[in-house]
Amino acid sequence: MESSYLIGSIAVAAVLTYVTRIIPFLLFRTREPSPLIKYIELNMPLMIMVILVFYALKDVKWESYPYGLAEIIGVSVAIALHVKFKNALLSIFVATLTYMILIQKVL
Amino acid sequence: MNFLAILKLTIPVMMGYIPLGMAFGLLLSKLLIPWYYAFFMSAFIFAGSGQFLVLTLFASQATILEIGIATFLLNLRHTFYGLSMISTFKHFSWKKHYLIFGLTDETFALLKTTEVPEGNRERAYLLITFLNQCYWIVGSVMGAMLGNILPFNYEGIEFSLTALFVVLSIELYKKNRLHKPFFVALIIGLFGMVLFPPQKMLILSLCAAAFVLIVFKRSMENGK
């Protein structure tokens, strides 16, 4: 591949990725955010986070063996540990370890 | 917040970004692209799925215009993240442009859930973003240079990002005054995962969530 093609594409991708991230700051720079924007700011993060969980699971093959069992168990471990101990690192470490063992050795 | 506390906070992202970055670097090296392009892409684009997409488009010899349009559409979801950060970043110095630049899924998640005293906030946020980007760069360059030589079976370690999102969802659920948005998002996420095409799942689900949040504002705020 030519380097001009690679560099050009990377530059374009870099600028446009930044544009997607800066759009809201440009739109609401001068005006004081409206109550609606404040309401979105307050509640959208929770919705985004929940949707990101499902996004992270989007490539799981639910219809064939092992039917997403490792993912279901991994997520359940994370929820259970976090509700009980409220220690983010512990929940994440143990859930990830459980998942790795399941997909590498068990399922 | 001191350096160590922030470092600890970013460990789950490190566990996810290094192997994912390596996978990216590996793919890049398979396309016979020199390793330093992995560095450039991770330094200047810094978007996980966005960078994978660019590689895929490289492989199919897409035009620069096509690469631009596809990147823009894929990363459009980041607009929602910015929307939730407007007042937080408002009084920061020019350095906030690095924060805006670095607003990936995972960085957004950490910034939104970390409690930092006001005076300390800008510095802490910059450090979180910078550390996350370092993990991503290190991973992708390692992947691109090492090629297929992997000493350890990392398979599945990227699940730490899924677990991170799960944990942060619980944290935000507890913090949020309204609980209905959580259940709405649960339903949208579940349906989105099953029904929407995987590449468009995130942006479509986020649009649906924003739509419901805005249109049903009154009933969302009713009850609790």
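The values are calculated or read from the model by the stated rules, or taken from the named source; none is laboratory data. Quick caveat: nothing in here was measured; it's all calculated off a predicted structure. Here the Cβ is made from the backbone with ideal geometry for all residues, glycine too, and neighbour counts use every protein chain on show. Ligands, DNA and RNA are excluded from the accessible area calculation, which covers all protein heavy atoms including side chains. Shrake-Rupley method; radii C 1.70, N 1.55, O 1.52, S 1.80 Å.
Connecting C-alpha atoms closer than 10 Å in a GNM of chain B, tell me which of B:TRP94, B:TRP35, B:TRP136 has the biggest fluctuation.
Evaluated over chain B, the most mobile residue of the options is B:TRP94.
Residue by residue through B:110-118, how many Cβ atoms from other chains fall within 10 Å of the Cβ on average?
Average neighbour count from other chains, rounded to a whole number: 1.
Evaluate the charge dipole of the range B:3-159 about its Cα centre and quote only its size in Debye, nearest 20, assuming +1 on the Cβ of each Lys and Arg and -1 on the Cβ of each Asp and Glu.
Dipole size: approximately 340 debye.
Can you find, among B:VAL54, B:PHE196, B:PHE183, the residue farthest towards the positive end of the dipole of the protein assembly as shown? Put +1 on the C-beta of Lys and Arg, -1 on that of Asp and Glu.
Positive-end residue among those listed: B:PHE183.
Going by a ≥ b ≥ c, the root eigenvalues of the Cα gyration tensor, does chain A fall in the rounded group (a/c under 1.5), the prolate group (a/b larger than b/c) or the oblate group?
Because a/c hits 1.5 or more and a/b fails to exceed b/c, chain A counts as oblate.
Within straight cross-link reach of A:LYS86, meaning Cα distance under 29 Å, which lysines are found once same-chain residues fewer than 8 apart are removed?
Hits, sequence-local ones excluded: A:LYS38, A:LYS58, A:LYS105, B:LYS8, B:LYS112, B:LYS174, B:LYS175, B:LYS180, B:LYS224.
Mind checking the angle between helix B:48-59 and chain B's longest principal axis? C-alpha axes, 0 to 90 degrees, to the nearest 10.
So the inclination is approximately 40 degrees.
As I understand it, the value is the acute angle between the Cα axis of helix A:88-101 and the longest principal axis of the Cα atoms of chain A; what does it come to in degrees, rounded to 10?
With both axes taken from Cα atoms, the answer is about 60 degrees.
Counting only C-alpha contacts under 8 Å and six or more residues apart, can you give the relative contact order of the range B:3-159 as a whole percent?
Relative contact order of the range B:3-159: 54 percent.
Using a 1.4 angstrom probe on the protein heavy atoms only, could you order B:THR79, A:THR17 from most to least accessible area?
Correct descending sequence by accessible area is B:THR79, A:THR17.
If you place +1 on the Cβ of every Lys and Arg, -1 on the Cβ of every Asp and Glu, and leave all else neutral, what size is the dipole of the protein assembly as shown about its Cα centre, to the nearest 20 Debye?
Roughly 1000 debye for the protein assembly as shown.
Across every pair of different alpha-carbon atoms, what Kirkwood hydrodynamic radius in Å does the protein assembly as shown reach?
It is 20.4 Å.
Ranked from the most accessible area to the least, with a 1.4 Å probe and all protein chains present, what is the order of B:ASP105, A:ASP59?
The ranking, largest first, comes out as A:ASP59, B:ASP105.
Among B:PHE52, B:PHE89, B:PHE191, which one shows the highest mean-square fluctuation when chain B is modelled as a Gaussian network with alpha-carbon springs under 10 Å?
Per the Cα network of chain B with a 10 Å cutoff, B:PHE191 tops the list.
With N set to the number of residues, divide the alpha-carbon radius of gyration of the range B:3-159 by 2.2 N^0.38 Å and report two decimals.
1.09
About its Cα centre, what dipole magnitude does chain A give when the only charges are +1 on Lys and Arg Cβ and -1 on Asp and Glu Cβ, stated in debye to the nearest 20?
320 debye
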